[in-house]
Ligand SMILES: Nc1ncnc2c1ncn2[C@@H]1O[C@H](COP(=O)(O)OP(=O)(O)OP(=O)(O)O)[C@@H](O)[C@H]1O
Ligand SMILES: [Mg+2]
């Protein structure tokens, strides 16, 4: 294709956009709404996953040993734990360390009254997991190991986090899919109107000997431009809104902020921008291509 | 395999460029409803001829033009234009074929939102002529049709005769071998009709084969060209230096 042809095609695509303004606006608005929701879900999911990840990093299983267990057996158990695929890291906390920690946290200066370590049997392994969902399997295994007296775990947190995470993902994928279908439908309609408005021009082009590709390209470009514009607007809005919302949450729900760690806008924006534009252009391409194939039997 | 070989050979009868440029052999065309619009038409036109096609309303003249553009496919028969077998031509070859034709209609069919220059340049853009050549070709062809001073005007600012000149310029700018005109003077007054016909004659003198469908008896009789007369889908007369035959 010649450079001049390429620019001519782009120009015609732009002219199409302005020629039926209202349909173009409607299409841009739906794509915009669709990608705005996508952006919203993306921001929520990204943050939620970040929160879950941070929380998961804190979720641990604590293993206590039988009374009078030998140091060798403790080390053997340590090796067994290390071999498990669920484990990301483990930490040994000796009875003395446990006592020191307890003293510091709860007793303060009153601790001087103790001459012996009251937590003599409280040595433990603190085990951190790769993934919270693996916790039940590991716990079952550990309970069967000789020399382990007690396995402490945080069941509630683990299952709730995984459950909520999956639910949000399913719901958002569902809603976004519906919105995509609506967007494709609307773009397809817009392009169809464009085609019917330009029926005469198209027939003249065909008489003169325009190739199918030449006739179709401006309409496909129109669809892709609508998609791109429809993507940039909501991304811009989300960029501005995001900081405001985070700020608001921080101020109004300050108690939550220790629990929740939010991502900064720049951390999510890179992916959001590229994915949105890609989706917008993709939807535009699909919508116009479908219509052009169906209604431009050249 | 054998079949495609036959097709390959048949698709493009070698076009020698010497004599026959259009040939219709036993061509019939029936639309979904009504009597056949064309019924066993045979017509052979040599390169460089000027041919009038006349006949009553509904006799099949426009149908013939549409078959020659490969807008329609005949129900039966063979059509060959410039070596292209229009019955078997592949869909994606049609644009290339049409670039050999210039087409003019009664209703001009200009792009109303573009000026004279753009309407003509449009035809060159479609066949991907480089911009610098377009800038040279368009003014030259506008001068040929007598519209040198009007290239910035929009179609609605032009008279019917002027609009038809723009359409002719558009049909000619890609230097077609054949010009097909379906009632080019149908919407024009006698003076403009004469000027347009004279323009077509001049184009023909420069080597383009010209086919003109018309109802203009006076012009046909005066111009002394080959006249093909149609009636109810058949050619009833075909005369060199013919005249417009009255229906009775
Ligand atoms: N698309 C169509 N569908 C059905 N019948 C058609 C169609 N186009 C033309 N016809 C019929 O075919 C016949 C020939 O039509 P055609 O347009 O070729 O006539 P014509 O000679 O060009 O007439 P005119 O001088 O009025 O333009 C007519 O009877 C017409 O009604
Ligand atoms: Mg007609």
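Throughout, read-outs are computed from the coordinates displayed, never taken from laboratory work. Treat the numbers as computed from the prediction; the structure is a model and nothing was measured. Here the Cβ positions follow ideal geometry from the backbone for every residue, glycine too, while neighbour counts run over all protein chains shown.
Divided by 2.2 N^0.38 Å, where N counts the residues, the Cα radius of gyration of the stretch B:150-248 comes to 1.16. Using alpha carbons only, the radius of gyration of the protein assembly as shown set against its Kirkwood radius gives Rg/Rh = 1.32. Here, P(r) means the percent of Cα pairs in each 5 Å bin from 0 to the largest distance; for the stretch B:112-182 it is 3, 18, 31, 26, 16, 5, 0. Sorting A:214-222, A:70-78, B:141-149 by their mean Cβ neighbour count within 10 Å, with the most densely packed peptide first, gives A:214-222, B:141-149, A:70-78. Relative to the dominant Cα principal axis of chain A, helix A:199-208 is inclined by about 70°.
Go ahead and set up a Gaussian network model of chain B, Cα springs under 10 Å, then flag whichever of B:21, B:126, B:134 fluctuates most. In the Gaussian network model the winner is B:126.
Enter the per residue convex hull volume of the stretch A:1-143, computed from alpha-carbon coordinates, in Å³ rounded to the nearest integer.
Numbers: hull volume 33.9 nm³, N = 143.
Value for the stretch A:1-143: 237 Å³ per residue.
Spin-label model, residue A:237/residue A:275: points 7 Å from Cα along the beta carbon direction are separated by 1.9 nm.
Between B:59, B:237, B:28, the GNM of chain B built on Cα springs shorter than 10 angstrom shows B:237 fluctuating the most. Taking a ≥ b ≥ c as the square roots of the eigenvalues of the Cα gyration tensor of the stretch A:56-97, is the shape rounded (a/c under 1.5), prolate (a/b larger than b/c) or oblate? Oblate, because a/c is 1.5 or more while a/b does not exceed b/c.
Taken residue by residue and averaged, Cβ atoms of other chains lying within 10 Å of the Cβ of B:117-128 number 4. Label sites at residue A:295 and residue A:245, each approximated as a point 7 angstrom past Cα along Cα to Cβ, lie 3.5 nm apart.
Which value, in Å³ per residue, describes the convex hull spanned by the Cα atoms of the stretch A:60-149?
Expressed per residue, the convex hull around the Cα atoms of the stretch A:60-149 is 94 Å³.
Which value does Rg/Rh take for chain B over its C-alpha atoms, Rh per Kirkwood? Radius of gyration relative to Kirkwood radius: 0.97. Peptide packing for B:68-80, A:79-91 was compared via the average number of neighbouring C-beta atoms within 10 Å per residue; ordered from the highest value, the list is B:68-80, A:79-91.
Which of the three applies to chain A, rounded, prolate or oblate, going by the alpha-carbon gyration tensor with a ≥ b ≥ c and a/c under 1.5 meaning rounded? It would help to have the intermediate numbers written out before the result.
Details: a/c = 4.64, a/b = 3.08, b/c = 1.51.
Verdict is prolate for chain A.
Computed on the Cα trace of the stretch A:218-298, the radius of gyration divided by the Kirkwood hydrodynamic radius gives Rg/Rh = 1.26.
Axis of helix A:212-252 versus longest Cα principal axis of chain A: the two differ by about 40°, to the nearest ten degrees. Dividing the Cα radius of gyration of the stretch A:1-83 by 2.2 N^0.38 Å, with N the residue count, gives 2.59. Its alpha carbons considered, the stretch B:16-151 gives a radius of gyration followed by a Dmax of 17.6, 51 Å.
Across chain A, the mean sequence separation of Cα contacts (distance under 8 Å, 6 or more residues apart), normalised by length, yields a relative contact order of 32 percent.
Site pair residue A:197 and residue A:89 shows an inter-label distance of 6.2 nm when each label is modelled 7 Å from Cα along Cα→Cβ.
By other beta-carbon atoms within 10 Å, ranking A:106, A:207, B:151 with the fewest at the front produces A:106, B:151, A:207.
Convex hull volume of the C-alpha atoms in the stretch A:159-298, normalised per residue: 126 Å³.
With respect to chain A, whose longest principal axis is taken over its alpha-carbon atoms, helix A:3-19 is tilted by about 90°.
To check you understand DSSP bridge types, tell me what percent of the beta bridges within the protein assembly as shown (both residues inside) are antiparallel, rounded to 5.
Numbers: 34 of 53 bridges.
The antiparallel proportion sits near 65 percent.
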